[in-house]
Every structure is written in C-alpha cells, then in structure tokens.
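For reference, the structure discussed in these notes is given below.
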Amino acid sequence: MRYLLDTHLLLWAASEPERLSPIARTIITDEDSQLWFSVASLWEVVIKASLGRTDFDVDAQLFRRGLLESDFAELDITGSHVIAVSDLSPLHKDPFDRILLAQARTEAMILLTADSALANYPGDIEMV
C-alpha cells in the first residue's frame with residue numbers, strides 16, 4: 001500500500017515515535033508499506049516554525065534528509081494537486097492539510113493522519 005503521512009505523523013515518526021499510535025507504528029514499520037511525504041509538509045514546517053510554533057521547531061533540511069534516509073519518498077506539488085483542492089468541501093480550513101488530501105486522492109494513496117477534522121473527509125483516509 002502507498003501511504004502519504006500528514007505533517008504531524010512525520011514529525012512524530014522523526015523525533016517522538018512514542019506519540020505514534022500502535023497502528024501508525026505498524027504501518028510505518030511494515031516493509032510492504034510504501035511511505036511518502038509531501039513537499040507541502042516541509043513547507044508547513046518552515047512556515048509554522050518561523051511563526052514560533054514550538055511543535056514545528058525542527059531544522060527542515062535535517063528533517064527532509066532524515067525522511068529520505070528512512071526510505072520515505074518525496075512527493076512534489078503539481079498543478080493537478082492544486083486544482084484537486086477545489087473539489088474539497090470546506091470541512092477543514094488548514095491549507096497544508098487540504099493539499100495533502102488532494103495529493104493523496106490524485107495519486108491514489110492512503111492519507112494517514114491523527115487529525116480528526118481531516119479524517120471527516122470521504123475517501124482513503126486512515127485516522128491513526
């Protein structure tokens with residue numbers, strides 16, 4: 001299965017794995033799981049860290065390198081992804097989460113999230 005992880009799950013996997021649910025840990029450690037992170041997550045980390053959000057206080061360059069070294073694949077943002085955001089109902093206001101959902105849908109991935117508001121969307125979203 002192909003999984004796109006939301007930003008908080010990526011941050012927890014990288015620096016606070018004890019915060020991951022047992023289901024999330026199982027998926028992340030399963031050798032059959034194809035794990036992806038979005039460039040949008042890196043952008044979110046940079047933006048929110050610059051705003052003083054302590055939960056995003058990581059070095060984005062080291063964060064990216066660690067994800068790549070851990071065999072996560074990087075997903076760029078394309079025009080198709082951006083256009084797919086227009087198909088989303090306004091259940092969730094966070095633009096970073098909305099682009100992640102649009103990417104997952106466009107690329108036929110399962111979006112893994114710990115965000116209950118994001119998990120309210122229909123489709124391949126797994127709340128972990």
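Every number here is computed from the coordinates shown, using simple stated rules; none is lab data. Everything numeric here is computed off the predicted structure, so don't read it as measured data. Note: ideal-geometry Cβ built from the backbone for every residue, glycine included; neighbour counts use all protein chains shown.
Given charges of +1 on the Cβ of Lys and Arg and -1 on the Cβ of Asp and Glu, with all other atoms neutral, how large is the dipole of region 2-127 about its Cα centre, in debye to the nearest 20? Could the numbers behind the result be given before it?
Numbers: 10 positive and 21 negative charges, 71 e Å.
That gives region 2-127 a dipole magnitude of about 340 debye.
Region 26-68: Rg/Rh from Cα coordinates, Kirkwood Rh? Let's see the in-between values first.
On the way: Rg = 12.3 Å, Rh = 11.5 Å.
Result: Rg/Rh = 1.07.
Based on DSSP H runs of at least 4 residues, each adding -39500 (n - 2.57), what is the mean residue ellipticity at 222 nm of the chain after dividing by all its residues, to the nearest 500 deg cm²/dmol?
Working: 6 runs with 57 residues, N = 128.
My calculation for the chain gives -13000 deg cm²/dmol from helical runs alone.
Return the inverse of the average 1/r over all pairs of distinct C-alpha atoms in region 44-94, which is the Kirkwood hydrodynamic radius, in Å to one decimal. Walk me through the intermediate numbers first.
Numbers: mean 1/r = 0.0749 Å⁻¹.
Computed over Cα pairs of region 44-94, the Kirkwood hydrodynamic radius comes out at 13.3 Å.
Pop a pseudo-label 7 angstrom from the Cα along the beta-carbon direction at both Val82 and Asp32 and give the gap in nm to one decimal.
3.8 nm
In sequence order, what are the phi-derived ³J(HN,Hα) couplings for region 49-65 according to the Karplus relation 6.51 cos²θ - 1.76 cosθ + 1.60 with θ = phi - 60°, rounded to whole Hz, with x for glycine and proline?
Running phi through 6.51 cos²θ - 1.76 cosθ + 1.60 with θ = phi - 60° gives 5, 5, 8, x, 6, 5, 6, 10, 7, 9, 7, 4, 5, 5, 4, 4, 4 Hz.
In the chain, what is the volume of the convex hull around the alpha carbon atoms, normalised per residue and reported in Å³? Present the calculation step by step, with values, prior to reporting the outcome.
Numbers: hull volume 12.9 nm³, N = 128.
Hull volume normalised by residue count: 101 Å³.
Only counting other Cβ atoms within 10 Å, I'd like Tyr3, Tyr121 sorted with the fewest neighbours first. Can you show the working numbers first?
Working: Tyr3 23, Tyr121 19.
So the residues, fewest neighbours to most, are Tyr121, Tyr3.
Exposure proxy check: Glu44, Glu69, Glu126 ranked by fewest other beta carbons within 10 Å? Show your work: numbers first, answer last.
Working: Glu44 25, Glu69 8, Glu126 14.
Ranking Glu44, Glu69, Glu126 by Cβ neighbours within 10 Å, fewest first, gives Glu69, Glu126, Glu44.
Name all residues of region 1-22 having a backbone nitrogen under 19 Å from the label point set 7 Å from the Cα of Arg53 along its Cα→Cβ direction, giving them as ranges.
Residues passing the 19 Å test: 4-17, 19-20.
Scan around Ile110 for amide H atoms under 5 Å from its own, H built in the peptide plane at 1.01 Å from N, and keep only partners 5 or more places away or cross-chain.
Arg2, Tyr3, Leu4
Give me Val45, Val85 ranked fewest to most by other Cβ atoms within 10 Å of their Cβ, as a rough exposure proxy. Could the numbers behind the result be given before it?
Values: Val45 23, Val85 15.
In increasing order of surrounding Cβ atoms, one gets Val85, Val45.
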